[in-house]
Amino acid sequence: MTASCGGGFPQYPRTGKPAIWSILFPREERRSEAGGARVPVGPDPTPGSSWACAPDFAIDRVRRSPVPWRHPAIPAVLLRPVKGVPFPRRGSSIPTPTTPAVRHGWHPEAGSRGGSGGPSEPGGTADCDLPVFPRYPGTHSMSPRARTILLAALALGAGLVLFVLLSNPQGERRSVPTAPRPAMAPPAEVAVAESGESGLSPLPAPERIDVGELEESTVLWPLRLDLDLIEADYLPREGGMVPVGSGADAILNGHVLGPDDLGTSATLSFSAGPNAGRVLKTDREGRFGAADLLPGLSIVDVKTAAGLKARREVRLRRTKETALNLSFASPGVVTGKVIDSEGKGIEGASVSIDGTPVFTDAEGNFFAGRVASGQVLVEIEHPDYAAYQELVWVASAQVAPRTELSFTLREGASLRIAIGNDVGGPGPVEVVLLPGNAGHRPPQASYRNSRFPFHRLNPIEVWPGTPKEITGLPVEVVQVFAFRPGAKAKQAVVNLRGGRPYDLKLRMKPAATISGKVLRDGVPVPGASVTLEAPDMVRATLSFLRQGSLYLETADMPVFPMARQEVFTDEQGRYRLTAWEEITPTRYLEARGPGGTGWAGRLVHRGDHEVDLELERAEFGGGLVSFDFPGRWQGLPVEVFVDGAPLEPWILPPHEDLVVRDLLEGRWHARLSWHGEPIDDVELSLRPEAYRRVELPAACIDGQDEEAWKRAGRSYPRVP
């Protein structure tokens with residue numbers, strides 16, 4: 001059904017341009033069958049009727065109707081011609097509602113009359129039933145009655161404002177009293193942390209502290225204390241030797257957010273790479289961190305207290321800070337396809353997405369829901385192909401299209417390894433496979449990350465006299481290393497090809513050893529852990545591999561034995577280790593009793609081959625550091641990070657010192673900062689205690705005003 005607008009479309013005076021039309025619609029929200037826009041409008045005097053915008057017009061804006069005799073809640077929708085569509089001429093038709101139309105009169109100022117006759121019949125035409133009238137710049141359609149009502153409303157509002165001002169002449173501000181909140185002592189459990197600041201407010205938002213559980217303070221930003229261990233006193237030291245553990249100086253920190261987009265408790269476990277076995281825990285705000293990690297590629301498995309999981313690969317570099325932030329609030333969905341070299345889907349492939357295993361269907365498609373956003377590790381395996389891994393980006397609350405995530409598996413190769421002689425021991429020979437495509441690159445050349453998950457294989461245990469076949473290897477050049485206590489093999493480079501397995505026979509050669517007994521009161525101790533460690537593990541590894549530091553980023557490599565090796569004593573309390581004195585002349589030898597009962601440690605040098613270790617009772621973590629801040633009169637929010645791992649934040653009560661206990665005795669580097677500004681930077685000797693007096697800035701003592709808290713997005717505390 002259509003209605004013709006016989007009045008035509010007038011033009012602006014003088015300019016000759018077509019006017020913008022105001023069309024009144026009844027209140028219903030429906031979409032035009034002719035393709036027009038959905039328009040919410042005011043109440044309709046005729047129940048059941050609905051109007052739709054003509055498809056040749058676009059909605060410009062919605063405003064309240066100036067028509068005095070209509071209901072004031074009825075809006076008017078301003079229409080403008082759609083680009084590329086000619087403006088309707090006089091007598092053209094526009095769509096009308098599917099229900100019978102109700103005639104309305106034209107606006108008196110428009111100089112038009114109302115439509116004649118009864119309601120339009122379906123499929124027919126009638127005079128313009130839509131209340132259409134032109135609007136010209138500078139014109140007003142308010143009637144005298146409307147003006148009178150508007151002036152009365154303004155006068156009433158002015159009277160109310162005057163009454164309020166006169167009733168409160170002093171401008172007193174009333175506030176609702178708040179109940180006092182209990183103070184909370186600083187907890188002793190260590191977790192980890194790093195927080196960001198909001199860039200949307202004029203003042204950066206401080207790290208979130210649950211002040212509902214803490215003592216009130218007007219100090220907006222917390223005082224931060226960083227304590228980093230330089231050298232522990234229990235470790236032996238010689239002149240000209242770097243401290244033990246010098247190579248472990250990579251930094252990792254970040255934040256884990258739960259489904260509510262708030263920090264959550266989680267455990268981060270290093271499952272592959274040089275830091276395998278390390279475990280980090282978040283604090284109550286979801287922050288974590290560590291400043292004593294080995295550089296290179298590492299895989300971290302994250303698990304929250306609610307059971308949510310993620311698996312990420314991190315790239316750690318010496319003295320550099322790496323951020324790892326996870327949010328389970330708006331997970332994404334990953335869909336993809338696994339195909340072969342001919343583009344055909346592979347059925348039954350195992351696809352691990354962010355640590356969650358799924359399998360492909362008959363067409364090679366797979367689906368994984370609720371994947372935390374970010375750079376996700378995808379690992380794919382199939383018995384008939386070479387394993388594959390890749391890092392992909394998953395957007396928050398998005399579905400990754402299957403067309404974009406397509407993984408091609410290539411033909412796999414096999415390697416059969418046999419140990420030709422039984423030298424060294426006890427125990428099997430540990431074989432390590434690494435990518436060989438970077439073996440002859442110049443030191444300044446960049447390396448390519450391997451697409452093969454070598455960490456799923458290494459180390460491979462092979463017993464002398466029993467060959468072992470490794471399948472699903474990439475068709476490329478790989479390096480083969482073999483290690484055994486008291487023996488080692490020459491490095492082998494193998495060019496793998498598809499088809500029949502490649503046979504590799506390794507001959508172990510005797511190597512210099514360090515052996516001896518672990519005793520307690522002269523009695524052998526079976527099952528004791530004995531480790532031999534280079535002071536700088538990174539330097540020892542690169543010296544053996546004859547590579548630059550970037551080679552550590554080509555694969556998730558294990559710790560090589562020349563850097564650190566560990567064995568357990570037999571029933572007679574004896575141990576045996578490869579000396580590796582040609583790589584590092586001075587090494588650190590340590591023994592710990594079963595369950596951590598007893599400790600012994602010393603340095604060994606070139607030529608030391610028989611060394612007995614006597615376990616003694618050792619107390620670690622007896623150090624204490626105390627900071628005195630004179631002039632404080634109120635609580636102070638405090639955050640402490642020990643080797644990158646944070647203690648839980650707390651409010652330091654007035655007139656109390658900042659004390660951190662259970663630290664290793666030795667040399668520590670302490671840094672105090674507030675709101676990003678350094679306050680103190682000093683090296684302290686904890687033997688066993690250290691005290692320091694530090695003057696804090698006035699703003700760190702007196703706090704900030706209510707306006708600063710408001711600009712930072714925080715509620716101003718009411719301190720008595």
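Here, each number is a calculation from the coordinates, and none is a lab measurement. What you are looking at is a predicted structure, and each value in this text was computed from that prediction instead of being measured. So basically every Cβ, Gly included, is an ideal-geometry build from the backbone, and we count neighbours across all protein chains shown.
Averaged across orientations, what area in nm² does the convex hull of the alpha carbons in the stretch 597-720 project?
So the Cα hull casts an average projection of 11.7 nm².
May I have the extent of the alpha carbons of the stretch 482-584 along their three principal axes, as whole Å values ordered from largest to smallest?
Principal extents (largest minus smallest coordinate, Cα): 57, 33, 23 Å.
When the convex hull of the C-alpha atoms of the stretch 413-614 is computed, what volume per residue in Å³ does it have?
121
How long are the semi-axes of the equivalent ellipsoid of the stretch 332-408, taking √(5λ) for every eigenvalue λ of the Cα gyration tensor, in whole Å from largest down?
The three semi-axes for the stretch 332-408 are 20, 12, 10 Å.
Which order do the peptides 269-282, 383-396 take when ranked by the mean count of other beta-carbon atoms within 10 Å per residue, highest first?
Output ranking for 269-282, 383-396: 269-282, 383-396.
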